[in-house]
1. Is one or more of the residues making up region 168-191 more than 22 Å from Ala44 (Cβ to Cβ) and under 17 Å from the mean Cα position of the chain (by Cα)?
2. Would you mind stating whether Thr253 is in a helix (DSSP H, G or I), among the polar types (S, T, N, Q), surrounded by 15 or more Cβ atoms within 10 Å (Cβ to Cβ) and at pLDDT 90 or above?
3. If the requirement is being crowded, with 17+ Cβ neighbours inside 10 Å, under 27 Å from Pro264 (Cα atoms) and not aromatic (Phe, Trp, Tyr), which of these qualifies: Ala178, Ala124?
4. Being within 27 Å of Ser187 (Cα to Cα), assigned to a helix (DSSP H, G or I), among the aromatic types (Phe, Trp, Tyr) and at pLDDT 90 or above, is that true of even one residue in region 226-233?
5. Helices (runs of 4 or more DSSP H) wholly in region 1-112 with at least 3 residues that are of a type outside the set (A, V, I, L, M) and buried (at least 18 other Cβ atoms within 10 Å of the Cβ) - which ones?
6. Does Ile162 satisfy being more than 16 Å from Gly85 (Cβ to Cβ) and not charged (D, E, K, R)?
7. Working only within region 267-298, note down all residues that are of a type outside the set (Val, Ile, Thr), modelled with pLDDT of 80 or more and farther than 14 Å from Ala90 by Cα.
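The values are calculated or read from the model by the stated rules, or taken from the named source; none is laboratory data. Just so we're clear, the structure is a prediction, and the values are computed from it rather than from any experiment. Cβ sites come from the backbone with ideal geometry, for glycine too, and all protein chains shown count toward neighbours.
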Amino acid sequence: MTALVILTLMWGINWPMMKFSLRELSPLYFRALTMSCGALFLYAWYRARGLRLWPRWDKGGGEWRAIAVIGAPNILGWHALSILGVKELASGRAAVLGFTMPIWTVLLGALFFGERLTRRTVLAVVAVGAAVALLTSSEFSALSGRPQGIAWMMFAALCWAIGTLLLRRAHLTLPLEALTIWSMILSSVCLWVIAFASEPWPAWQFSGAMWLALAYGAFINYGFAQTLWAGLARHLPPATSAMSVMAIPLVGTLSAALLIGETPHWQDWAAIVCVTAAIAAVLLPPGLLRPARPPETP
């Protein structure tokens with residue numbers, strides 16, 4: 001449980017750290033740099049532990065094809081679009097919108113894979129709709145509002161949901177750690193190319209605090225947090241994983257207030273409640289929140 005708390009803190013704090021980094025570096029170069037360094041760190045880490053990392057190539061592309069198909073939405077789409085959303089929005093607000101992903105996963109599964117849509121799912125969709133409406137109305141009413149940031153984050157959440165569905169249905173022979181590393185390597189190459197074509201070349205002269213923020217993004221967010229999650233994911237019950245997912249936007253909002261001075265509004269807190277309730281509805285086992293029945297007297 002201690003490791004899960006540490007992981008939740010790492011990923012929650014990463015949201016304001018990203019926002020801070022964008023003060024001195026453009027978004028796509030930030031993603032390209034931190035993801036590249038994180039992928040190389042992970043490769044060295046797992047190579048030292050003897051894990052098979054090199055994908056096999058056979059007829060039809062084999063494991064390389066799985067990396068490209070799953071990695072395109074799950075890594076490239078999510079990370080590229082979400083950093084554009086963070087640039088436009090308060091980091092806590094971006095985190096809340098990004099973690100609507102579980103709801104989109106359920107909806108897309110019902111639309112395209114015939115998964116059953118339950119009353120709990122419908123309630124989750126209504127709750128997410130309320131959260132998005134709250135944040136959208138706040139962005140439009142603010143003089144400095146950036147409603148396009150909401151669109152970036154919603155597309156990012158959809159990409160993450162698509163990648164999750166593809167991963168669930170993939171018959172992988174490659175270790176999940178290797179899939180993650182190569183998805184990050186190929187995605188970072190794409191990000192370097194896109195950044196070079198669309199953003200000015202950075203000066204690479206940053207403040208000390210900025211270098212610390214970049215190191216956090218590369219080695220904590222993409223490095224240690226990934227290794228920690230890889231170890232936990234095999235053993236965590238679904239309910240525990242769901243609790244961690246629900247806590248990350250809250251940690252992101254609170255840490256943004258402490259680290260970079262963002263002031264959450266009542267719409268942000270209400271949206272957190274809505275998204276947390278929605279995630280609980282789709283991820284937690286049906287009987288988890290029911291009170292235990294007293295034993296029958298003989």
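1. Within region 168-191, one or more residues are more than 22 Å from Ala44 (Cβ to Cβ) and under 17 Å from the mean Cα position of the chain (by Cα).
2. Details: in a helix (DSSP H, G or I): yes; among the polar types (S, T, N, Q): yes; surrounded by 15 or more Cβ atoms within 10 Å (Cβ to Cβ): yes; at pLDDT 90 or above: yes.
Yes: the conditions hold for Thr253.
3. Being crowded, with 17+ Cβ neighbours inside 10 Å, under 27 Å from Pro264 (Cα atoms) and not aromatic (Phe, Trp, Tyr) holds for just one of Ala178, Ala124, which is Ala124.
4. Pass one, region 226-233, residues within 27 Å of Ser187 (Cα to Cα): 226-233.
From what's left, assigned to a helix (DSSP H, G or I): 226-233.
Subsequent filtering for residues that are among the aromatic types (Phe, Trp, Tyr) retains 229.
Going one step further and asking which of them are at pLDDT 90 or above, we end up with none.
Taking every residue of region 226-233 in turn, none turns out to be within 27 Å of Ser187 (Cα to Cα), assigned to a helix (DSSP H, G or I), among the aromatic types (Phe, Trp, Tyr) and at pLDDT 90 or above.
5. Numbers: elements: 2-21, 27-48, 62-71, 78-88, 91-98, 101-112.
So the answer is 2-21, 27-48, 78-88, 91-98, 101-112.
6. Against the criterion (more than 16 Å from Gly85 (Cβ to Cβ) and not charged (D, E, K, R)), Ile162 qualifies.
7. Correct list: Ala270, Cys274, Ala277, Ala278, Ala280, Ala281.
Residue by residue, here is whether (1) β-branched (Val, Ile, Thr); (2) touching a residue at least 60 places away in the same chain (Cβ under 8 Å) holds:
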{"position": "Leu4", "(1), (2)": "no, yes"}
{"position": "Leu7", "(1), (2)": "no, yes"}
{"position": "Gly12", "(1), (2)": "no, yes"}
{"position": "Glu24", "(1), (2)": "no, yes"}
{"position": "Pro27", "(1), (2)": "no, yes"}
{"position": "Arg49", "(1), (2)": "no, no"}
{"position": "Ile67", "(1), (2)": "yes, yes"}
{"position": "Gly77", "(1), (2)": "no, yes"}
